[in-house]
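Trainee: Pasting in a structure now, in structure tokens, and then I'll have a few things to ask.
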Amino acid sequence: MQYFLAGSSAFVLTVLSLLIALKVFPKWGLMDKPKKYGLKRDPVPYPGGIVLYFVFAALALIFFGISVKMIGLLLGGGLLVLVSFIDDRMDLPAWFRILIQILVALIIIFAGIGIETITNPFGGFIELNRVNIELNIGDWSQTVMLLSGLFTIAWILLITNTMNWLDGIPGLVSGITAIGGLTLFFLSISPLVNQPEVATLALIVAAMSFGFWLFDFYPPKIIIGDSGSMFLGFLLAVLAIFSGGKIATAFLILGFPILDALYVIVHRVARGQAPWKGGEWDKHRKAVHLHHRMLEYGLSERQTISLIYVLCSIFGITALFLGTKGKFWAIVALFFASVILGLTLRAKKKKS
């Protein structure tokens, strides 16, 4: 009953909030600028990510109440959404956005959300709690695990930006987040994991994302914006490290987008470009992102979205039935599958 109430409440509240947003966003001037990106369509309400944040905040407080971890989650997520919302309107410097993301990760760390060990696929554990730093300010004290903190920062930045870069076709971010949240829900309710609070949180994220997907799937009625894509990426990153860590599972679910993000970073660095700077260089000279390359190689928007959904679902479902070593080899298979996909699409383009 708890899961049913959480999931149904998230879905219904998201849908109702978006119906209201479709009416009020145009009056408030919250619309996208399709001509700026060479799109020939009417402006669409934008950004829908602020709706997702307020829906999540309300449900999180209702189902979990106030705690240090929840305050940290909402404060960090709220800061990320606020800065991303401003960036959607003003184009903030890339270095400033990165600093904010690091600050958000630090908020999560000081709220006590982190991972102390990572299971080694070949046996034993990789301990991240050996190097500690004691912080004392007056009567306040906090023990910070240095390696755990660095890992948390890197993980949150990777997944947050991966989902943001994935937002090239409407429906990709919301759909993959729904798949990821649902997979983490089933993992959390399994007898081996048995984390009902994490399961409830994951189901809220999944149902909320699915509700948004109904409005976001191509062609979109509302655009998620950086505020939404980064917030959903942030939630998936935190869910993966909540109460013990499900990093390998999250990596499998988001495997193709993560490998795409790493490819983009290497591509930019190799050409003397800052990895966090995208925009016109990539857009005008060559399609770099996975979804853009799929479009360039002849797939339609719906075909591209559907293919990525299927791939993420297959590897996500596989993760539910694999141990740590099995997940490691699945990640290896994922890498080779992404290479084969790229070569296949390239061959398809040459034939056409």
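Trainee: Could you sort the peptides 148-159, 248-259, 324-335, 223-234 by per-residue average Cβ neighbour count (10 Å cutoff), highest mean leading?
Mentor: Ranking, from highest mean packing down: 223-234, 248-259, 148-159, 324-335.
Trainee: Counting only residues 5 or more places away or on other chains, whose amide H sits under 5 Å from the amide H of Ile169 once H atoms are built in the peptide plane?
Mentor: Residues meeting the criterion, in which the H sits 1.01 Å from N, do not exist here.
Trainee: Another question about this same structure. Can you give me the long-range amide H partners of Thr117? Hydrogens built in the peptide plane at 1.01 Å from N, cutoff under 5 Å, separation of 5 or more residues or another chain.
Mentor: Leu128
Trainee: Quick one: which of Lys27/Lys221; Lys33/Lys221; Lys246/Lys325; Lys69/Lys325 span more than 25 angstrom between C-alpha atoms?
Mentor: Working: Lys27/Lys221 16 Å; Lys33/Lys221 14 Å; Lys246/Lys325 14 Å; Lys69/Lys325 31 Å.
Going by Cα-Cα distance, Lys69/Lys325 fall outside the 25 Å limit.
Trainee: Turning to a different aspect of this structure: Using +1 at the C-beta of Lys and Arg and -1 at the C-beta of Asp and Glu, which of Phe56, Tyr46, Ile66 has the Cα lying farthest in the positive direction of the dipole of the chain?
Mentor: Tyr46
Trainee: Among 304-316, 167-179, 19-31, what's the highest-first ranking by average C-beta atoms within 10 angstrom per residue?
Mentor: Ranking, from highest mean packing down: 167-179, 304-316, 19-31.
Trainee: Enter the mean projected area of the convex hull around the alpha-carbon atoms of the chain, in nm², rounded to one decimal.
Mentor: Average projection, Cα convex hull of the chain: 19.0 nm².
Trainee: In terms of the Cα gyration tensor, with a ≥ b ≥ c the square roots of its eigenvalues, is segment 72-189 rounded because a/c is under 1.5, prolate because a/b exceeds b/c, or oblate? Display every interim value, and only then the final one.
Mentor: Numbers: a/c = 2.13, a/b = 1.22, b/c = 1.75.
Oblate, because a/c is 1.5 or more while a/b does not exceed b/c.
Trainee: Can you list the HN-Hα couplings for segment 300-309, worked out from phi with the Karplus curve (6.51, -1.76, 1.60; θ = phi - 60°), rounded to whole Hz and with x for Gly and Pro?
Mentor: Listing the rounded values in order: 7, 4, 5, 5, 4, 4, 4, 5, 5, 4 Hz.
Trainee: Using each residue's phi in segment 331-338, evaluate 6.51 cos²θ - 1.76 cosθ + 1.60 at θ = phi - 60° and report the 3J(HN,Hα) Karplus result to the nearest Hz, with x for Gly and Pro.
Mentor: 5, 4, 4, 4, 4, 5, 5, 5
Trainee: Treat every Asp and Glu Cβ in the chain as -1 and every Lys and Arg Cβ as +1, leave all other atoms uncharged, and give the resulting dipole magnitude about the Cα centre to the nearest 20 debye.
Mentor: Roughly 1480 debye for the chain.
Trainee: Further, regarding this structure: Once the Cβ-Cβ distance between Ile98 and Arg271 is put in as r, and R0 is 25 Å, what FRET efficiency do you end up with, to the nearest 0.05?
Mentor: About 0.80, to the nearest 0.05.
Trainee: Once phi is turned into θ = phi - 60°, what whole-Hz ³J(HN,Hα) does the Karplus curve with 6.51, -1.76 and 1.60 give for every residue of segment 147-157, x standing for Gly and Pro?
Mentor: 5, 4, x, 5, 5, 4, 4, 4, 5, 5, 5
FYI, it's all coordinate maths here, none of it is from the lab. From a predicted model like this one, the values you see are computed outputs, not experimental measurements. As a convention, Cβ positions derive from the backbone with ideal geometry for all residues, glycine included, and neighbour counts pool all protein chains shown.
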